[in-house]
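> The structure follows.
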Amino acid sequence: MLPLQRWLPPDQAATYLRPYSEFRTLGSRIGMDVDPQVLAYGSDRSGAGVFTGGRVPSLALENPRGSTFVEGDLLVDGWLENMGGLVFVRGNLVAQTLYTSGYLVVLGELRVRRLFGEDEPYGTYIFGDAYVESAVFSHNHLFDVWGRAELGAVVHDESDGHEALRQRLVTWGMSPGSRREDIQDDVRASLRAFAERWGPLPEEWASRRYTLKPEEKKLAGERDALVKALE
């Protein structure tokens, strides 16, 4: 896991998120907003851990204690997994492959070669641009983008059917089983294998950094003041 900076109880986690008023604006693709209360409460009102971003070989975002707030860009040379977690990235998220079955909110851009989104509870929300070469969304996993969306081949089993999902996985080079549980295990293993085979991120991707937009600078100042008050 990433280095932990500090732990925020729910009230302080809500204060941390307060400057991001754009959470309450509607996304461009499916018209969803983002609920900061869910992120602030964490698991059973446990709050959130603030973790330091950076560049890592591969990463499983495992934080059973509560929500995960990532400070800064998160660059993953290999595979990235979010197994049901509540995750907020205050920057860009760049990886070779991404498997997510939880709540994933990215303030900057998302850039991945393969994306598999599983299950409905919350979904994946990108406030910046999203570049995905190939994506599969299973069991009504929601995906919304506020910026520009450059999505390659996309299959959603709710609209395209389960067989279309299985065929897409075959084109990824997989041999998916028939049971849902088997498919999830196969997908995770295959995405890990793809990422390891592809090697480190292209330098064009790895050099990308999140920069504040003019309209966000005021929000950033408010946020920094709130964070200092928490320390």
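The values are calculated or read from the model by the stated rules, or taken from the named source; none is laboratory data. Predicted model only: the values in this text are computed from it and were never measured. Virtual Cβ from ideal backbone geometry, glycine too; neighbours counted across all protein chains shown.
> Can you list the strands (runs of 3 or more DSSP E) lying wholly within the range 84-126 that have 3 or more residues being touching a residue at least 24 places away in the same chain (Cβ under 8 Å)?
86-90, 93-100, 110-118, 123-126
> Okay, moving on. What is the one condition in (1) under 10 Å from the mean Cα position of the chain (by Cα); (2) aliphatic (A, V, I, L, M); (3) surrounded by fewer than 20 Cβ atoms within 10 Å (Cβ to Cβ) that LEU110 does not satisfy?
Among (1) under 10 Å from the mean Cα position of the chain (by Cα); (2) aliphatic (A, V, I, L, M); (3) surrounded by fewer than 20 Cβ atoms within 10 Å (Cβ to Cβ), the lone unmet condition for LEU110 is (3).
> So, in the range 39-67, exactly how many residues are under 22 Å from LEU212 (Cβ atoms), within 15 Å of the chain's Cα centre (by Cα) and either among the aromatic types (Phe, Trp, Tyr) or surrounded by 22 or more Cβ atoms within 10 Å (Cβ to Cβ) (or both)?
2
> Answer yes or no: is there a residue in the range 124-136 that is closer than 14 Å to ARG188 by Cβ and buried (at least 22 other Cβ atoms within 10 Å of the Cβ).
Scanning the range 124-136 turns up at least one residue that is closer than 14 Å to ARG188 by Cβ and buried (at least 22 other Cβ atoms within 10 Å of the Cβ).
> Which residues, taken from the range 148-172, are part of a loop (DSSP other than H, G, I, E, B) and at pLDDT below 90?
GLY161
> Looking only at the range 173-198, count how many residues are surrounded by fewer than 19 Cβ atoms within 10 Å (Cβ to Cβ) and over 21 Å from the mean Cα position of the chain (by Cα).
Total satisfying the criteria: 10.
One line per residue, one yes/no per condition, for (1) within 14 Å of the chain's Cα centre (by Cα); (2) closer than 17 Å to ILE183 by Cβ; (3) among the hydrophobic types (A, V, I, L, M, F, W, C):
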| site | (1), (2), (3) |
| --- | --- |
| LEU115 | yes, yes, yes |
| THR124 | yes, no, no |
| ALA135 | yes, yes, yes |
| PHE143 | yes, no, yes |
| VAL155 | no, yes, yes |
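> Looking only at the range 145-152, decide whether some residue is touching a helix residue (DSSP H, G or I) at 6+ places or on another chain (Cβ under 9 Å) and either of a type in the set (Asp, Glu) or within 22 Å of VAL70 (Cα to Cα) (or both).
Yes: one or more hits.
> Residue check: is ASP119 of a type outside the set (A, V, I, L, M, F, W, C), in contact with a Ser or Thr (Cβ under 9 Å, 6 or more places away or on another chain), modelled with pLDDT of 95 or more and surrounded by fewer than 22 Cβ atoms within 10 Å (Cβ to Cβ)?
no
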